[in-house]
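Peer 1: I am attaching a structure below and will ask some questions about it afterwards.
What follows draws every value from the coordinates through simple rules; no lab data is involved. Computed from a predicted structure; not experimentally measured. Counting neighbours? That spans all protein chains shown, and the Cβs are built from the backbone with ideal geometry, glycine included.
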Amino acid sequence: MMFFEPFQLPFMARALVELVLLGALAGTVGVLVLLRRLAFVSDTLTHTVFPGVVIGHLMAGDGGIFWGALAAGVVTAVLLTLLTHRRRVSEDAALAMLLTTLFAVGVVVVSRQTGFTSDLTAFLFGRVLTVTETQLAQTAVVTVVVVALLAVLRRPLLLRAFDPEGARAAGVRVGLLDLVLNVAVALVVVAAVKAVGTILVIALLVVPAAAARGLSDRLVVIVPLACLVGASAGWLGLVVSYEASVGYGVRLASGATVVLVLVAMYGLAHVAGFVRRKVGLSRARSAIVESAA
Amino acid sequence: MSERAPTLVLDRASVAYGDIPVLEELDGVVHEGEAVALIGPNGAGKSTFIKALLGLVPVVRGRIEVLGGPPAQARRDVAYVPQADTLDPDFPVSVEQVVMMGRYRRIGWLRRASAGDRAEVADALERVGLAGRARDRFGTLSGGQRQRVLLARAIAAKPRMLLLDEPFNGVDAVSQHALLEAIGSLKEQGASVVVSTHDLAIAHLACDEVCLLNHHQFGFGPTGDVLTPERLRATYGGHALELRGDRVIVTQT
Amino acid sequence: MSWLDSTVHRALVEAVLVGALGGVVGVFVVARRLPFFTMALTHATFPGIVIAALLGVNLYLGGGLFGLLVVAAVLAFGRGRGQDFSTATGIALSGGFALGVVLVSAQDGFTKDLAAYTVGDVLAVGTGDLVATAAVAVGVLLLLALVGKELLLAAFDPVGAAALGLPTVLLDFALLAVVEVTVVATVPALGTILAVALIVGPAATARLLTDRLAPLFPIAAAIGVGCALAGVWVSTRWNVATGASIALFVGLVFGAVFLGTAVRGRVRRAVARRVAVRA
């Protein structure tokens, strides 16, 4: 059966586990990104982490990627806070400047190496089919740490997202919380870099949460739903790209296929949510008519 | 009035953001069970006043004492009610969950909400007249109802002082009545209330004292004594219009 | 043998054109808070260009068409309950780009084209491309000359513009079309991500230097041209990626001006305090 067969191959199985983990991780963080309307900030982080990835790889091979990316993420968070501190630069423009300048640094460093193009492609678009068990372990650790952190902080995070003034008045350290979220996003990027590359991580962060939100109004449903959407898109995306390659001889980039599946799921969720609301409205209307009669 | 303990003491206080003083020469006392109305034009510093009571803006001269100590230390027992229209109506949170946020301080980060917490939430919603809407999404309520939910959130926190930032702006009559009732019952239980408002009628109705603000304090004392046409004109920079003797309409806020 | 036969010379002309175009259009992009949206446009025109290349259709057409799709998608997704425009933009951005990646990977030559598209390749600019860019620049300038004042009003005061009876929807559309065309012109040179640098950076820097409207355009254009030229020069001297060099110069100039004006602000405030104390 084509939905399970490919995963008897070890490299496909590893890719699947990686994408399922990433789906759960990005789904959780993504809900917060959605609630705080931080899609652009997250997109910026995915691009500014790139030079960290490149320099880390340069200095310490595959193992250096993690720490380079983390350092870059923290630097970005700090610079962003400084740039927007006195409101002289709009947040949009500040983010765009950070994003492009740091990304350019990464490109310049890579372009000075040989094998420029293929390295660049690997960083930007990922190569999920070459994921190793060590990397799986790293992703698992990051997932557990980040999800646990967000679970522990869920109340202040919720309050801050809903009512920043009220949160401040209640003594919540808003600046610190925001930094925590930025670091969490940076960690997602770090974990996802190998699988889908820095460019497509934003899809993992934004789309599953948006799809889940279109289907439910309750956070207790939205968060697990986002994880489910993320994980199943990973699975389906792998199946599709495998079938295309083996069955039809068409090579489809796996990471990008996963993203396309995600966007398709988002579209479906949007339509389903729309229909559900219409049905709900018409039920309410007929109930009113009945009770008036 | 003199046997009741002071909950707020302003002693010739000035409050500043960085180098720029925003409020100067604040002076007055509020006791348990009393309500004071903050009245002044837009941009006068009413929100800053409230933030100062929360310890969020530094005092650069004089002294502000909340519940017997510096403002930041009193936060456990002070509840803040922001304006409801600053909140995102799409947010996936129920009325119940919003009110439960008022209990976070007591529950902490990790413990589950207890039956006692849930009872407090239900009671708070009852007090603002919204018990039947507990399960509805916050954004499905009207503006006035949302303001009541935010007051319920504050009530659930069992505060000794309540700070309300323009809660009556654009609120329907039913909600206004419910808000006033709830504030009244809180006063009876001994809490102090600081409420900023444009509505002089509300100040007369609900508040024992009035503080007239426009960067400087133009008066602080019993409502009847302080809400005079002359003082109002001074506070609003000459834009108050007198009507029917001692009742004043403010023409430009 | 003309001067334009040299790769570097063509690159310089392209740099001047793109720098000026980006700088001027950027003033609107920054004013209307469109940087993220511009990012989505740069990413989403990618599949359009791939499809256009496949079909043998003009690249501008393909890119432009997909840009319009993105606009429609963002407007459609952004209106649902629980959605907002930044999320919708993120979805359009990643979906569009993923589509392009998939299409390219289904061909051979996956690696090279993709990387070139993402980071640009000024040195591969041909004379035909130059003509196209010049035409775009002239077209945009003409449009701005005609409706520039109205566009400005709608940019800085949308409510006021509507109150004056200006057709704001049409103007918005015109603005988005101008941005889209600028994107399609800039992306081949700088790539999807770094094109945003040339569109946002010079304008943002100009904004730090002056509070008046009129000087914004020449200042932004000058900064854009300067950084683009500098970037081409550095990249040919030291063999580094051109688009990235240009983006780095934009970033450095922005950073320098930011620090400079921040320091100037501090000094001014300190002086004012001293004067106030003495008075």
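Peer 1: In chain C, what is the volume of the convex hull around the alpha carbon atoms, normalised per residue and reported in Å³?
Peer 2: Measuring per residue, one finds 172 Å³ for the Cα hull of chain C.
Peer 1: How tilted is helix C:216-238 with respect to the longest principal axis of chain C? Cα atoms for both, answer in degrees (0 to 90, nearest 10).
Peer 2: 50
Peer 1: I need C:266, B:146, A:277 ordered by Cβ neighbour count within 10 Å, fewest first.
Peer 2: C:266, A:277, B:146
Peer 1: Over the residues of region B:86-135, compute the C-alpha Rg and express it relative to 2.2 N^0.38 Å.
Peer 2: The value comes to 1.17.
Peer 1: Under 11 Å from the Cβ of residue B:100, count the other residues' Cβ atoms, weight Lys and Arg +1, Asp and Glu -1, and hand me the total.
Peer 2: For residues surrounding residue B:100, the net value is +2.
Peer 1: Could I ask something else about it? Calculate how many DSSP beta bridges within chain B are antiparallel, expressed in % of all such bridges and rounded to the nearest 5.
Peer 2: So the antiparallel bridges amount to about 60 percent of the total.
Peer 1: Additional query: Please report the projected area of region A:115-155's Cα convex hull averaged over all directions, in nm².
Peer 2: Over all viewing directions, region A:115-155 projects a mean Cα-hull area of 4.1 nm².
Peer 1: Counting helices only, and only those DSSP H runs with n ≥ 4, report the 222 nm mean residue ellipticity of the protein assembly as shown as the sum of -39,500 (n - 2.57) divided by its residues, in deg cm²/dmol to the nearest 500.
Peer 2: -23500 deg cm²/dmol
Peer 1: Restricting to Cα pairs below 8 Å that are 6+ residues apart, what does the relative contact order work out to for chain A? Please round to a whole percent.
Peer 2: 30 percent.
Peer 1: Tell me the volume per residue, in Å³, of the convex hull enclosing the alpha carbons of chain B.
Peer 2: Once divided by residue count, the hull of chain B is 134 Å³.
Peer 1: Here is a follow-up. Please give, to one decimal in nm, the separation of the simple spin-label points placed at residue C:124 and residue C:146, each 7 Å out from Cα toward the Cβ.
Peer 2: About 3.4 nm separates the two model spin labels.
Peer 1: If I take every Cα pair under 8 Å that is 6 or more residues apart in chain C, average their sequence separation and divide by the length, what percent do I get for the relative contact order?
Peer 2: For chain C, the relative contact order is 30 percent.
Peer 1: Here's another thing I want to ask about it. Starting from the Cα of residue A:71, step 7 Å along the direction of its Cβ; do the same at residue A:58; then give the gap between the two resulting points in nm.
Peer 2: Roughly 1.1 nm, to one decimal.
Peer 1: Measure nothing fancy, just the Cα-based angle from helix B:115-127's long axis to the longest principal axis of chain B, in degrees from 0 to 90, nearest 10.
Peer 2: 50
Peer 1: Please compute the length gained on full extension between residue B:42 and residue B:77, using 0.36 nm multiplied by the number of residues separating them and subtracting their Cα-Cα distance.
Peer 2: 9.8 nm
Peer 1: Obtain the nm distance between the two label points defined at residue B:85 and residue A:173 by a simple spin-label model: each point lies 7 Å from its Cα along the Cα-to-C-beta direction.
Peer 2: In this crude spin-label approximation the distance works out to 3.6 nm.
Peer 1: Going by how many other Cβ atoms sit within 10 Å of their own, how do B:94, A:90, C:245 line up, fewest first?
Peer 2: In order of increasing Cβ crowding within 10 Å: A:90, B:94, C:245.
Peer 1: I've got another one for you. Starting from the Cα of residue A:276, move 7 Å in the Cα-to-Cβ direction to define the label point; list residues of region B:84-110 whose amide nitrogen is under 17 Å from there.
Peer 2: B:90-94
Peer 1: Need one number: % antiparallel among DSSP beta bridges in the protein assembly as shown, to the nearest 5.
Peer 2: Around 60 percent antiparallel, to the nearest 5.
Peer 1: Any lysines with Cα under 19 Å of the residue B:187 Cα? List them, leaving off those in the same chain fewer than 8 positions away.
Peer 2: Cα-Cα hits under 19 Å: B:158.
Peer 1: Any chance you could give the angle, 0 to 90 degrees and rounded to 10, that helix C:110-119 forms with the longest Cα principal axis of chain C?
Peer 2: 20
Peer 1: Could you tell me whether chain A comes out rounded, prolate or oblate from its Cα gyration tensor? Rule is a ≥ b ≥ c as square roots of the eigenvalues, rounded for a/c under 1.5, then prolate if a/b exceeds b/c, otherwise oblate.
Peer 2: It comes out oblate by the Cα gyration axes.
Peer 1: Got the relative contact order for region A:31-94 handy, in percent, Cα pairs under 8 Å and 6 or more residues apart?
Peer 2: For region A:31-94, the relative contact order is 24 percent.
Peer 1: For region B:190-197, take each phi angle, set θ = phi - 60°, evaluate the Karplus expression 6.51 cos²θ - 1.76 cosθ + 1.60, and give the result in whole Hz per residue in order, putting x for glycine and proline.
Peer 2: x, 7, 9, 10, 10, 10, 8, 7
Peer 1: Only counting other Cβ atoms within 10 Å, I'd like B:183, B:20 sorted with the fewest neighbours first.
Peer 2: Exposure proxy ranking, most exposed first: B:20, B:183.
Peer 1: Along region A:210-215, what does the Karplus equation 6.51 cos²θ - 1.76 cosθ + 1.60 (θ = phi - 60°) give for ³J(HN,Hα), rounded to whole Hz, x for Gly and Pro?
Peer 2: 5, 4, 5, 5, x, 9
Peer 1: I'd like the distance separating the alpha-carbon centroids of region B:17-71 and region A:190-241, in whole Å.
Peer 2: 47
Peer 1: Sticking with this structure for a sec: How big is region B:50-163 on each of its three principal axes, counting only the C-alpha atoms and giving the largest first in Å?
Peer 2: 47, 30, 25
Peer 1: On average, how much area does the Cα convex hull of the protein assembly as shown cover when viewed from any direction, in nm²?
Peer 2: For the protein assembly as shown, averaging the hull's shadow over all directions gives 42.0 nm².
Peer 1: Right, something else. Based on the Cβ-Cβ distance from residue B:142 to residue A:82, what FRET efficiency comes out when R0 is 41 Å, to the nearest 0.05?
Peer 2: Calculated transfer efficiency: 0.50.
Peer 1: Oh, and also: As an exercise, use a Förster radius of 51 Å and the Cβ-Cβ distance of residue B:63 and residue C:138 to find the FRET efficiency, rounded to the nearest 0.05.
Peer 2: The computed FRET efficiency comes out at 0.15.
Peer 1: Need the list of lysines near residue A:194 for cross-linking: C-alpha distance under 26 angstrom, and skip anything on the same chain fewer than eight residues off.
Peer 2: C:112
Peer 1: Further question: Cβ under 15 Å from residue B:158's Cβ, residue B:158 left aside: what net charge do those residues give with Lys, Arg +1 and Asp, Glu -1?
Peer 2: Spelling it out: positives minus negatives among the neighbours equals +3.
Peer 1: Under 5 Å between amide H atoms, partner at least 5 residues away or on a different chain: which partners does residue B:94 have, H built in plane at 1.01 Å?
Peer 2: B:138
Peer 1: Here is a further query. Subtract the Cα-Cα distance of residue C:54 and residue C:209 from 0.36 nm times their separation in residues, and report this length gain in nm to one decimal.
Peer 2: 51.3 nm
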